[in-house]
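Report on one structure; see the data block that follows.
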Amino acid sequence: MSGPALLTIEDVVVELPTPRGNLRAVDHVDLSLGAGRTLGIVGESGCGKTMLSRAILQLLPKKAKLSGRVIFDGQDLVRLNAEALRRLRARGIAVVFQDPMTSLNPVLTIGTQLVETLQEHLELDAAAARRRSAELLAAVGIPAPEQRLSQYPHQLSGGMRQRVAIAIALSCEPKLLIADEPTTALDVTIQAQILDLLAREQRRRHMAMILITHDLGVVAGRADEVAVMYAGRVVERAPTPALFKNMHMPYTAALLAAIPKIEAAPHTPLAAIPGRPPDQTRPLKGCSFAPRCRNVGDQCLRSKPALTTAETEGHCYACFHPLKISAGVSA
Ligand SMILES: Nc1ncnc2c1ncn2[C@@H]1O[C@H](COP(=O)(O)OP(=O)(O)OP(=O)(O)O)[C@@H](O)[C@H]1O
Ligand code: SF4
Ligand SMILES: [Mg+2]
C-alpha cells in the first residue's frame, strides 16, 4: 500500500451473545487501506465479512462487544461520540448493501430520498439539491433521471434500485465506500454493470472502496488487495495479482475452485467447498479449517497458525502446510 493509510483496523474482535454462548464473529483482524485503493474481502457465508464492515461503521447489533481500534482519517471511530459518528458516516464513509431495499425507503420517492440526504449533509437549497439529484442519477447510468426522481423504489428493477442506492451513497462524496455483496441479488449481466459503475465512480472520485463478496472471481482485476476470511479471521492477504499467481492457503484455493465458470454448461451445479464452516461458539484448538482441509497434519489440530509473511511483499497467510504450486490465474 502506498502513502499513509486512510483506514487502519487493529486487533478488532467482535463478539455476539447467542443462546449457545458467545460467538466470535471477528477474531483479531488487522487491515489497512490507502486513499483511493480497493480492498476485496472474500469468504464463505458466515465468515464475518458483514460484522467486520459493521465494526468499521460502528453499526453493530446493540449486544455486540467490540474491541480493538478502527482508525479512519486519523480518528479512532471506536472512541467517537454518537454525533461525531453520525457526521462521519454521512460524509466520510458510505455503504451499499446486498439488497437495495434495505437502504431505500419504500414509501418515499427516489427524489425525496436523494434530496433529503443532500440537504441534510451538504446544506444545499431545494432547487440545487434536486438538480444535483438528477445529475447523480445520470452519473450512475439511470436513463431519464428527471422522471425517475418522482418514482418509488418498487417501480424500478433490482439493478436500477441498486444504482439508486449507489447514487445515495455517493451523494455526500465519501472518502470510503463499503460495498457489502452489492451484486449478489442481481442477474449476472447486471452484476458486471454495477461492478463497472462502482469502479468508474471510485476512480473518478479517488474514493477508497472495500468490496465484500463470497466470490473470488468478483475481486479479480477489481481489487488492489484481497483479504480472505475464514471463521472470523483473515487467513490470507495479498496484492491481488500475487494472490492469484501464488495462493498459499488451501481455503483460498477451494474458494477459487468454487468460482462459477462462464464456459460451464447452463444449470451446472456450483462447486461448493466440501464440509461446513465451524461453529464459532465452539472455537477449535487448532486451525479452524482443519476438518475440511486436504493438507491437514498433526500440528494443524494442536495449534492455530499465525499470519506469516510470504515471499512476496504484502502477502501473508496463516497455514502450517501452505500450497507450493502456483495457481497461475491472472487477475
Ligand atoms: N445479530 C446476530 N447475532 C448473533 N450472531 C450473528 C448475528 N449476525 C450474524 N451473526 C453470526 O456472526 C457470524 C458472522 O456473520 P456475518 O453476517 O458477518 O457473515 P458474512 O460473512 O457477512 O456472511 P454472508 O456472506 O452470508 O453475508 C456468523 O456466524 C453469523 O451467524
Ligand atoms: S493450517 Fe493445516 S488445516 Fe489449516 S489450512 Fe493449513 S494445512 Fe489446512
Ligand atoms: Mg454478509
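Where does each of Leu60, Leu108 land when they are ranked from fewest to most other beta-carbon atoms within 10 angstrom?
On the way: Leu60 17, Leu108 14.
By the 10 Å Cβ count, ascending: Leu108, Leu60.
Ordered by the count of other Cβ atoms within 10 Å of each Cβ, fewest first, Ile9, Ile142 give Ile142, Ile9. The GluC sites (Glu not before Pro) of segment 20-129 meeting both criteria, a DSSP state outside H, G, I, E and B (loop) and at most 16 other C-beta atoms within 10 angstrom of the site's C-beta, are Glu123.
Relative contact order of the chain, please, whole-number percent, based on alpha carbon pairs below 8 angstrom and at least 6 residues apart. Please list the in-between numbers first.
Numbers: 614 pairs, mean separation 66.4, N = 331.
Relative contact order for the chain comes out at 20 percent.
In terms of surrounding Cβ atoms within a 10 Å radius of their Cβ, Phe72, Phe320 rank from fewest to most as Phe320, Phe72. Dipole size of the chain about its Cα centre, with +1 on Lys/Arg Cβ and -1 on Asp/Glu Cβ: approximately 560 debye, rounded to the nearest 20.
State which stretch of the chain is the longest one without any exposed trypsin sites (Lys or Arg not before Pro), exposure meaning a DSSP loop state and at most 11 other Cβ atoms within 10 Å.
Details: sites that count: Arg20, Lys62, Lys63, Lys261, Lys285, Arg294, Lys324.
The reported range is 64-260.
Computed per residue of the chain from DSSP H runs no shorter than four, each worth -39500 (n - 2.57), the mean residue ellipticity at 222 nm is -9000 deg cm²/dmol.
Helix 126-139 and the longest principal axis of the C-alpha atoms of the chain enclose an angle of approximately 50°.
For the chain, the share of DSSP beta bridges that are antiparallel, to the nearest 5, is 60%.
For helix 110-122, report the angle its Cα long axis makes with the longest principal axis of the Cα atoms of the chain; keep it between 0 and 90° and round to the nearest 10°. For helix 110-122, the angle is close to 80 degrees. Computed over the alpha-carbon pairs of segment 146-289, the distance histogram in 5 Å steps reads 2, 8, 15, 17, 17, 16, 11, 8, 4, 1, 0, 0 percent, short to long.
Since every read-out is calculated from the coordinates, none of them should be taken as a lab result. Because the structure is a prediction, the values reported are computed rather than measured. In this analysis, Cβ positions are derived from the backbone assuming ideal geometry, glycine residues included, and neighbour counts consider all displayed protein chains.
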